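A.B. asks: One structure coming up, written as structure tokens, with questions to follow.
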Amino acid sequence: MKAYVLLRTEAGKESQVLDDVIKINGVKRACLVFGPFDVIAEVEVLSHEELDKVIVGTMRRLSGVRDTLTLIVAEERSR
């Protein structure tokens, strides 16, 4: 299963959060972005339980993370 996790960080902590997020097992890509969120992480895991461990057990506990929004992929296409 794939999900995109949008993270809002404390001011000035964006790069540190990005460095910490990319080290998490299951995170395939992480980007620093402009807008209402500061970091977007692409996560691939096998189950909802693993996704819960990645987000609730790890990402939300990182220093500098204020809140998250998780978007679980329903269908995907690529070229």
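A.B. asks: Pull out all pairs, ordered by first then second residue, where Cβ-Cβ is under 7 Å, the residues are six or more apart or on different chains, the first lies in segment 19-31 and is assigned to a loop (DSSP other than H, G, I, E, B), and the second is of a type in the set (S, T, Y) and surrounded by 14 or more Cβ atoms within 10 Å (Cβ to Cβ).
C.D. replies: As it stands, the answer is I24/T58, since those pairs meet every condition given.
A.B. asks: Taking the condition of being of a type in the set (A, V, I, L, M), outside any loop (DSSP other than H, G, I, E, B) and within 17 Å of K2 (Cα to Cα), how many residues in segment 32-49 meet it?
C.D. replies: 4
A.B. asks: What pairs can you find where one residue is in segment 62-76 and in contact (Cβ under 8 Å) with a residue 24 or more places away in the chain, the other is surrounded by 14 or more Cβ atoms within 10 Å (Cβ to Cβ) and charged (D, E, K, R), and their Cβ atoms are less than 7 Å apart, with a gap of 6+ or different chains?
C.D. replies: Hits for this filter: L62/D20; G64/K13; R66/R8; D67/R8; T68/R60; V73/K2; E76/K2.
A.B. asks: Report the residue count in segment 15-32 for those that are surrounded by fewer than 14 Cβ atoms within 10 Å (Cβ to Cβ) and over 14 Å from V65 (Cα atoms).
C.D. replies: Residues in segment 15-32 being surrounded by fewer than 14 Cβ atoms within 10 Å (Cβ to Cβ) and over 14 Å from V65 (Cα atoms): 5 in total.
A.B. asks: Can you name the number of the only condition in (1) crowded, with 19+ Cβ neighbours inside 10 Å; (2) at positive phi that G35 fails?
C.D. replies: (1)
A.B. asks: Criterion first (among the aliphatic types (A, V, I, L, M) and part of a helix (DSSP H, G or I)) does V54 satisfy it?
C.D. replies: Working: among the aliphatic types (A, V, I, L, M): yes; part of a helix (DSSP H, G or I): yes.
So V54 passes the test.
A.B. asks: Just for segment 1-14: of the residues that are without any contact (Cβ under 8 Å) to a residue 60 or more places away in the chain and touching a strand residue (DSSP E or B) at 6+ places or on another chain (Cβ under 7 Å), which one is surrounded by the most Cβ atoms within 10 Å (Cβ to Cβ)? Can you show your working first?
C.D. replies: At the first step, the residues of segment 1-14 found to be without any contact (Cβ under 8 Å) to a residue 60 or more places away in the chain are 9-14.
Applying the additional criterion that residues be touching a strand residue (DSSP E or B) at 6+ places or on another chain (Cβ under 7 Å) yields 9-10, 14.
Details: T9: 22, E10: 13, E14: 17.
Going through the qualifying residues, I end up with T9.
A.B. asks: Can you name the residue in segment 18-57 that is more than 10 Å from the chain's Cα centre (by Cα) and of a type in the set (V, I, T) and, of all such residues, is modelled with the lowest pLDDT?
C.D. replies: Only one residue fits best here, namely V56.
A.B. asks: Among the residues of segment 64-79 satisfying the criterion of being aliphatic (A, V, I, L, M) and not in a strand (DSSP E or B), which is farthest from L18 (Cα to Cα)? Lay out the reasoning, then the answer.
C.D. replies: Filtering segment 64-79 down to residues aliphatic (A, V, I, L, M) leaves 65, 69, 71-74.
Filter once more, so that each one left must be not in a strand (DSSP E or B): 73-74.
On the way: V73: 21, A74: 25 Å.
Among those that are aliphatic (A, V, I, L, M) and not in a strand (DSSP E or B), it is A74.
A.B. asks: Then there is this: Going through segment 36-52 one residue at a time, which ones are closer than 14 Å to T68 by Cα and out of contact with any helix residue (DSSP H, G or I) (no Cβ under 9 Å at 6 or more places or on another chain)?
C.D. replies: P36, F37, I40, E42, L51, D52
A.B. asks: Given the options E75, E42, E50, name the one that is out of contact with any Asp or Glu (no Cβ under 6 Å at 6 or more places or on another chain) and surrounded by fewer than 15 Cβ atoms within 10 Å (Cβ to Cβ). Outline the logic, then answer.
C.D. replies: Values: E42 fails: surrounded by fewer than 15 Cβ atoms within 10 Å (Cβ to Cβ); E50 fails: surrounded by fewer than 15 Cβ atoms within 10 Å (Cβ to Cβ).
Among E75, E42, E50, only E75 is out of contact with any Asp or Glu (no Cβ under 6 Å at 6 or more places or on another chain) and surrounded by fewer than 15 Cβ atoms within 10 Å (Cβ to Cβ).
The values are calculated or read from the model by the stated rules, or taken from the named source; none is laboratory data. Just so you know, these numbers come straight off a predicted model, no measurement behind them. With ideal geometry, Cβ positions are generated from the backbone for all residues, glycine too; neighbour counts draw on all protein chains shown.
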